[in-house]
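To start, the structure itself, in structure tokens.
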Amino acid sequence: SAAIAIENARLYGVAVEKGRLDRELDMAHEVQAGLLPQEVPQIPGWEIAAAWQPARVVAGDFYDFIPLGSGGLGVLIGDESDKGMPAALFMALSRSILRASLSQAASPSQGVAHANRLVCADSASGMFVTLFYAQIDTGSGMCTYVNAGHNPPLLYHTAGETGQGELIELARSGMALGVLEDAPYMQGEVSLAPGDALLLYTDGVTDATDAAGELFGMEHLCGALLDHGREPAGEMLAAVQRAVGDFVAGTPQFDDIAMVLVKRVGKANTARGDHV
């Protein structure tokens, strides 16, 4: 009887401790969710949609919108090198550094380079973050971007050479932040015409796995965008989410997912640009 009582007391103590840890994780989730934008920017002539889905209670993936002067908008998505609580803590640090660096920078490349130096100085654990940052002139549709080791975002053009929608990958222009203090970062430029859309995503989308171990991959992602490219931004993003959900068919989520879709619906003011 004494042994049973002692074991019950031990199990009760374990249950109490687990409950405390669960409450702390729930609070951490709420704090982290509060760091993300609570609503998407409302800009005439533009539609913006976003999604965030942690694989655990907290996540290393994040997105952000950075208001800029003269009608500009900064759009950012990032992916920390780990998952769970370590990634969530590093995410909070990275987001703060990036916001401060990018909002005052003369150019996207200079802002990312400055943020990289600060991340390297604080990344004693060897963690790093990939990111894509786009600075959009909402009047002209010109988009200047830096891809720091991140999954190439997809630019949907309403009409390609075939008269149908086409997709262009915005390739990497530098390495992840936190790896090399003096890493160089190059800029690219594209112009979004009315009907064009830009999808930013983390690798939790393409690495989503079904019960057989097959990856969702770029083929399925591109197919979902091409099939729904003429729909509003919210419906395009929802179509990608449905495609991922249908593919995994209930298989537990392995990696965090974050997505942002920006679509231009206003009148064009300038000709389309090219990669530089």
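The values are calculated or read from the model by the stated rules, or taken from the named source; none is laboratory data. These numbers were taken from a predicted model, which means no experiment stands behind them. For neighbour counting, all protein chains shown are included, and Cβ atoms are generated from backbone atoms with ideal geometry for every residue, glycine included. What goes into the accessible areas is simple: the full protein's heavy atoms, side chains included, and nothing from ligands, DNA or RNA. Shrake-Rupley method; radii C 1.70, N 1.55, O 1.52, S 1.80 Å.
Structure values in brief
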{"read-out": "Residue count for the range 55-77, restricted to those that are of a type in the set (S, T, N, Q) and at pLDDT 90 or above", "value": "0"}
{"read-out": "Qualifying positions in the range 174-187 - in contact (Cβ under 8 Å) with a residue 40 or more places away in the chain and under 28 Å from Q53 (Cβ atoms)", "value": "G174, A176, L177, G178, V179"}
{"read-out": "Residues being in contact with a helix residue (DSSP H, G or I) (Cβ under 6 Å, 6 or more places away or on another chain) and more than 20 Å from G71 (Cβ to Cβ) - total across the range 123-141", "value": "2"}
{"read-out": "The range 102-143: number of residues that are open to solvent by 10 Å² or more (accessible area, probe 1.4 Å) and assigned to a helix (DSSP H, G or I)", "value": "10"}
{"read-out": "Residues satisfying the stated conditions in the range 80-101, i.e. touching a Phe, Trp or Tyr at 6+ places or on another chain (Cβ under 8 Å) and either among the charged types (D, E, K, R) or open to solvent by 10 Å² or more (accessible area, probe 1.4 Å) (or both)", "value": "E80, S81, D82, R95"}
{"read-out": "Residue list for the range 51-68, filter: among the small types (G, A, S) and within 21 Å of I97 (Cβ to Cβ)", "value": "A59, G60"}
{"read-out": "L76, sole failed condition from (1) assigned to a helix (DSSP H, G or I); (2) under 20 Å from Q187 (Cβ atoms); (3) in contact with a helix residue (DSSP H, G or I) (Cβ under 8 Å, 6 or more places away or on another chain)", "value": "(1)"}
{"read-out": "Per-region count, the range 29-54, residues at pLDDT below 80, open to solvent by 30 Å² or more (accessible area, probe 1.4 Å) and closer than 24 Å to N151 by Cα", "value": "2"}
{"read-out": "Looking only at the range 170-182, and only at residues there that are open to solvent by 40 Å² or more (accessible area, probe 1.4 Å) and touching a strand residue (DSSP E or B) at 6+ places or on another chain (Cβ under 6 Å), the one that is modelled with the lowest pLDDT", "value": "R172"}
{"read-out": "Residues (touching a helix residue (DSSP H, G or I) at 6+ places or on another chain (Cβ under 8 Å), over 22 Å from W46 (Cα atoms), open to solvent by 40 Å² or more (accessible area, probe 1.4 Å) and part of a helix (DSSP H, G or I)) located in the range 214-241", "value": "M218, H220"}
{"read-out": "Condition met for G217 (under 19 Å from the mean Cα position of the chain (by Cα), small (G, A, S) and farther than 20 Å from A51 by Cβ)", "value": "no"}
{"read-out": "The listed residue being part of a loop (DSSP other than H, G, I, E, B), among the aliphatic types (A, V, I, L, M) and under 21 Å from L131 (Cβ atoms), out of A183, A193, A211", "value": "A183"}
{"read-out": "Conditions (1) over 19 Å from the mean Cα position of the chain (by Cα); (2) on the phi < 0 side of the Ramachandran plot; (3) of a type outside the set (V, I, T); number of the one not met by G234", "value": "(1)"}
{"read-out": "The range 191-207, residues that are open to solvent by 10 Å² or more (accessible area, probe 1.4 Å) and either without any contact (Cβ under 8 Å) to a residue 12 or more places away in the chain or among the hydrophobic types (A, V, I, L, M, F, W, C) (or both)", "value": "A193"}
